[in-house]
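This report refers to the structure that appears directly beneath it.
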Amino acid sequence: MTRLTTEALIIDIPGRASGVPLNLAIEPGQVWGVLGPNGVGKTTLLHTLAGLRAPRSGQLLLDETPLHDIRRKTVSQQMGLVFQDRQDGFPATALETALIGRHPWLSPWQMESGEDLAIAERALEALDVIHLKDRLVNTLSGGERQRVAIATLMTQSPEIWLLDEPTNHLDLQHQTAVMKLLRQQAACDRAVFMCLHDLNLAARWCDQILLLYPDGQACWGPARDMLVTSALESLFGQRLLSAELDGFPVFVPG
Amino acid sequence: MPISSPYRPLLVLLLAGFLAALISVSIGSTAIGFGDTLRVITGSGTELQQTLILELRLPRTLSAFATGGLLAVAGALMQVLLRNPLADPYVLGLSGGAAVGALLAMLAGVGGFLVSGSAFAGAMLATLLVFGLAHGSGSWTPSRLLLTGVVVAAGWGAIITLILSMTPASRLPGMLHWLMGDLSHAATPWPGLMILVLVCLMVFPLGRALNVLARGSLQAAALGVSVRPLEWSIYLMASLLTATAVTMAGSVGFVGLVVPHMLRLVLGNDQRLILPACALAGGTLLVLADTLARVVIAPEQLPVGVITALIGVPTFLYLLYRSR
């Protein structure tokens, strides 16, 4: 069980005022959704949380330790990230791609064992891409590649899952499957923190919401408090109609 | 890839390398049968055969093997560094720097060791120049490194032309041979072979990190790789390998490009397998190319760089044409 907290964190977006400092506590068992228009800094925030980018100010704590005091390898055992875009310069199969998730757990002299292989195969199976395991990733469809990327994170099996638009390119069925999988991970006391564009997915599956505004303003809290039509209308600059279905709010452009 | 007897290809390549070396030391102005060659290697055979093989042909064959292996491994490393399967150890201007160093030494009228030393210094200078410029202000990205290297290489090309145009005609043939890659002046194969073996040993613990780095630097960092130190060491290692190879044999093109590319098509992209395989296959290829260079128009010799380019250019174009 690991917890990621930010203390007065301001992400570094060149040419933008600092705005509201973020004091987030991403706890085990929570599923966070980050909402905001294009270019607002959702990806920058994720990269900053993962320690891949220095913040403008403030600090990040993994449990009680400042993130930059922890070795990269140890961080990557605790926290993993699914990127929005990926480089496939060299051809590799889906299984090989998932298997690189084991890297943080192996010493330089170790080869991947049968157990590592089994972990990777289980992850591919959970993401419904096991039948593609010997296919080259660059020959797969966008949605299949997205699922292989999530399987890589699952193979890494960190305590904190950061995901940049995990439902990108996914069909309806797999969107739901991925969201269910993420909720399952949270039920196993992991923390999930993802950027989303789909308000209804956020409303259906996230319990914590962070709204990021273009001027650097931000607010966060439990989903039922944050997903208010008027707040979302001003966030996206778009009139919305809402209704309640099956106990969850649903939003459509008005 | 990491599973199920991954080392069989290496054994096959080792055998191929040994056969190529056997052919190379047997063929020449005085042909020696394979049986006699084996007898000489195991310590018997006539005195003439001993001298011919152990003192004249074997050092050259070993130099060819070392040069080819060094260039192929350097190419494979550069390709991971630049995340571009079409990169080449020469693309960053290393051979240009080495050539300018060597030609300046030849122009000054010195020979042998000083030419090699000067070439090595030129290659390392080129390395630092490109890295320093690409580093500049802010971070360097693979594409920026590549562009800087290509432009600097063009600059070296201009200096080479300038030196050639100022050189008295009597000295030109030596320079041209050097520029085309020529093993007949390789002094000793041992430093090159030792560096090759050392790098192949170092690659084993680094291999998986290289595999991860091939997926992009951010992804590698997210998986716990210390990206910047790793990139620095790959760059320095590849530069050292290339500089050593260029110092031994002048600029021999295409080995670093074609060998890793072909091996990746067959063996996949696990660096722990690809890098030692490159050492063996690159070595074997250059031993065979050098044998051809010695016998095609014997007793005259062709520069081995001509042979590798004649093999490399069509092979490469074919691979490029076939790939998506």
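Derivation of every value follows stated rules applied to the coordinates shown; laboratory data play no part. Since we're looking at a predicted model, the values are computed, not measured. Glycine also receives a Cβ, built like all others from the backbone with ideal geometry; neighbour counts cover every protein chain displayed.
Overview of results
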read-out	value
Global geometry of the range B:104-197, whether rounded, prolate or oblate, following the gyration tensor of its Cα atoms and the 1.5 cut on a/c	oblate
All aspartates and glutamates inside 12 Å of A:Lys133 as judged from Cα atoms, apart from same-chain residues fewer than 8 positions distant	A:Glu96, A:Glu121, A:Glu125, A:Glu144
Cβ-Cβ FRET estimate between B:Arg171 and B:Val197, R0 fixed at 35 Å, reported to 0.05	0.45
Inter-label distance, nm, simple model (7 Å from Cα along the C-beta direction), B:Thr315/A:Ala8	6.2 nm
Value of [θ]222 nm, deg cm²/dmol, for chain B, DSSP H segments ≥ 4, -39500 (n - 2.57) each, nearest 500	-24500 deg cm²/dmol
Antiparallel content of DSSP bridges confined to the protein assembly as shown, in %, to 5	55 percent
Within chain A, helix-based [θ] at 222 nm, where runs of 4 or more DSSP H residues each add -39,500 (n - 2.57), nearest 500	-9500 deg cm²/dmol
Sparse-neighbour loop sites [chymotrypsin sites (Phe, Trp or Tyr not before Pro); the range B:1-77; at most 15 other C-beta within 10 Å; DSSP]	B:Tyr7
Distance histogram in 5 Å bins (all Cα pairs of chain A, percent per bin)	1, 6, 13, 17, 19, 17, 13, 8, 5, 1, 0, 0
Kirkwood Rh in Å, taken over all unlike Cα pairs in the range B:5-322	20.0 Å
